[in-house]
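The values are calculated or read from the model by the stated rules, or taken from the named source; none is laboratory data. Bear in mind the structure is a predicted one, so any value in this text is a computation, not a measurement. Counting neighbours? That spans all protein chains shown, and the Cβs are built from the backbone with ideal geometry, glycine included.
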Amino acid sequence: MTGSVPLWVKLAGVAAAVYCIAVFGTVYRYNQSILESASFAEITGGGFIYNYRIADIRAGITVGLVKPLPLGTRLIAEFESPQGGKIEVEKAVSHAKRNYSFETPSLSDVEAERTYAAVLHVIDAKTGEELERHEKGLKSSVAPKAMPAKPLTIGPGYHVNPDIRPAPKG
């Protein structure tokens with residue numbers, strides 16, 4: 001009987017394999033149940049973007065996908081405008097991306113310490129129905145009077161704006 005594996009070793013190997021399959025199967029089923037109950041996307045951040053060099057204020061949010069969405073699904077970010085009304089920014093979902101950023105065009109009349117609404121709509125590609133809706137409040141802690149009236153710099157090289165350059169003395 002040299003070279004043969006004892007019966008108890010074979011049984012122990014089978015028991016270990018069955019145990020591993022049971023544990024991995026349980027973990028897989030648990031993860032699937034969590035994934036099924038999870039939302040498709042979430043707003044992971046947001047706020048106001050101040051670029052004092054070019055005298056520009058924008059609002060933006062970042063969105064992370066929690067689970068895969070069908071190709072062609074649209075993400076629509078809706079921002080409350082300080083002048084009243086809504087600003088919509090739309091992006092189509094791509095399988096290559098898991099994070100998206102949405103930014104408004106330049107804003108004016110942003111009030112400090114006031115909350116502005118940002119809403120994310122997840123729209124189904126085929127039916128056009130809203131699958132999910134997420135909301136976030138954006139608040140600026142900077143008063144708009146801290147922003148220069150004219151850009152401090154111009155052009156791609158951030159050259160000093162000649163309109164605000166003081167006249168040479170002499």
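If I go through segment 47-68 residue by residue, how many of them are in a strand (DSSP E or B) and not small (Gly, Ala, Ser)?
Here is the first cut: in segment 47-68, the residues in a strand (DSSP E or B) are 47-51, 56-65.
If we keep only those that are not small (Gly, Ala, Ser) as well, we get 48-51, 56-58, 61-63, 65.
Qualifying residue count for the region: 11.
Would you check which residues across segment 103-128 are part of a loop (DSSP other than H, G, I, E, B) and of a type outside the set (Gly, Ala, Ser) and list them? Reasoning before the result, please.
Of the residues in segment 103-128, the ones part of a loop (DSSP other than H, G, I, E, B) are 104-114, 124-128.
If the condition is that a residue be part of a loop (DSSP other than H, G, I, E, B) and of a type outside the set (Gly, Ala, Ser), then THR104, PRO105, LEU107, ASP109, VAL110, GLU111, GLU113, ARG114, ASP124, LYS126, THR127 are the ones that fit.
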Legend entry - Hits in segment 75-93 - residues which are under 14 Å from the mean Cα position of the chain (by Cα) and either assigned to a loop (DSSP other than H, G, I, E, B) or basic (Lys, Arg) (or both): LYS91, VAL93
Legend entry - Condition met for ARG58 (among the charged types (D, E, K, R) and within 30 Å of GLY157 (Cα to Cα)): yes
Legend entry - Complete set of residues in segment 68-121 that are at pLDDT 95 or above, closer than 26 Å to ALA38 by Cβ and among the β-branched types (Val, Ile, Thr): ILE76, VAL89, VAL119
